[in-house]
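The values are calculated or read from the model by the stated rules, or taken from the named source; none is laboratory data. Since this is a predicted model, take the numbers as computed values, not measurements. Neighbour counts are summed over all protein chains in view; Cβ atoms, including those assigned to glycine, are modelled from backbone coordinates with ideal geometry. With ligands, DNA and RNA removed, areas are computed over all heavy atoms of the protein, side chains included. Shrake-Rupley method; radii C 1.70, N 1.55, O 1.52, S 1.80 Å.
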Amino acid sequence: GGSPLEALKALLLPAIALAVVQAAILARITRSAVLDVLREDFVRTARAKGLSQRAALWGHVLRNAMIPVVTVMGLQFASLLAGTIVVENVFYLPGLGRLIFQSISNRDLIVVRNCVMLLAAMVIVVNFVVDVLYAVIDPRVKASDI
């Protein structure tokens, strides 16, 4: 009922509560993947051909390092959905998480079943998108491999 700025202020803490743990995991996975790819021969070849360190990092290293990162992001989506149930109840936000929690408390099994089916479908769609992104990110993966 207030201004958009007030709405953003109200969502700041719940967003931080959901994102901090996931961002830390993602940062560690990204760092590990980048360090592994930096040791590859094609990076040394790109640097030997005269590419700057920044151009080699953005053009070659990050594209090849994104495969495990995208995988972890897809897996984190399910835990983010589970985390929203808790965060919406703690911060008293209206949403699907609070609906599920109230339905469990009221023993409304039909609503619980339908919400769980919706969340499961969302996880399946995100996993499908991750599989399609493999073909976009990695040139070695062909459309026939998916």
(request) Go through the range 32-51 and count every residue that is farther than 20 Å from Leu133 by Cβ and open to solvent by 60 Å² or more (accessible area, probe 1.4 Å). (result) 13
(message) Let me confirm something: among Val111, Val87, Val141, Val123, which residue is touching a Pro at 6+ places or on another chain (Cβ under 9 Å) and surrounded by 12 or more Cβ atoms within 10 Å (Cβ to Cβ)?
(response) Val87
(message) Being in a helix (DSSP H, G or I) and either aromatic (Phe, Trp, Tyr) or over 16 Å from Ile16 (Cβ atoms) (or both) is the filter here; which residues of the range 86-105 pass it?
(response) Asn89, Leu96, Gly97, Arg98, Leu99, Ile100, Phe101, Gln102, Ser103, Ile104, Ser105
(request) Check whether at least one residue in the range 24-40 is more than 30 Å from Ile124 (Cβ to Cβ) and part of a helix (DSSP H, G or I), and report yes or no. (result) yes
(message) Looking only at the range 60-78, how many residues end up being open to solvent by less than 50 Å² (accessible area, probe 1.4 Å) and farther than 30 Å from Asp41 by Cα?
(response) 2
(request) State all residues of the range 90-108 that are exposed (fewer than 15 other Cβ atoms within 10 Å of the Cβ) and among the hydroxyl-bearing types (Ser, Thr, Tyr); if no residue qualifies, say none. (result) Tyr92, Ser105
(message) So the check is Cβ under 7 Å with 6+ separation or different chains; which pairs have a first residue in the range 1-24 that's surrounded by 11 or more Cβ atoms within 10 Å (Cβ to Cβ) and a second one that's not β-branched (Val, Ile, Thr)?
(response) Leu13/Phe91; Pro14/Phe91; Pro14/Leu93; Leu18/Leu80; Leu18/Gly83; Gln22/Gln76; Gln22/Leu80
(message) Can you list residue pairs whose Cβ atoms sit under 7 Å apart, with the first residue in the range 51-75 being at negative phi and the second being aliphatic (A, V, I, L, M) and open to solvent by 50 Å² or more (accessible area, probe 1.4 Å)? Count only pairs 6 or more apart in sequence or on different chains.
(response) Val61/Leu38; Pro68/Ile29; Val69/Ile29; Val70/Leu133; Val72/Ile25; Val72/Ile29
(request) Keeping to the range 91-108, report how many residues are touching a residue at least 24 places away in the same chain (Cβ under 8 Å) and not aromatic (Phe, Trp, Tyr). (result) 1
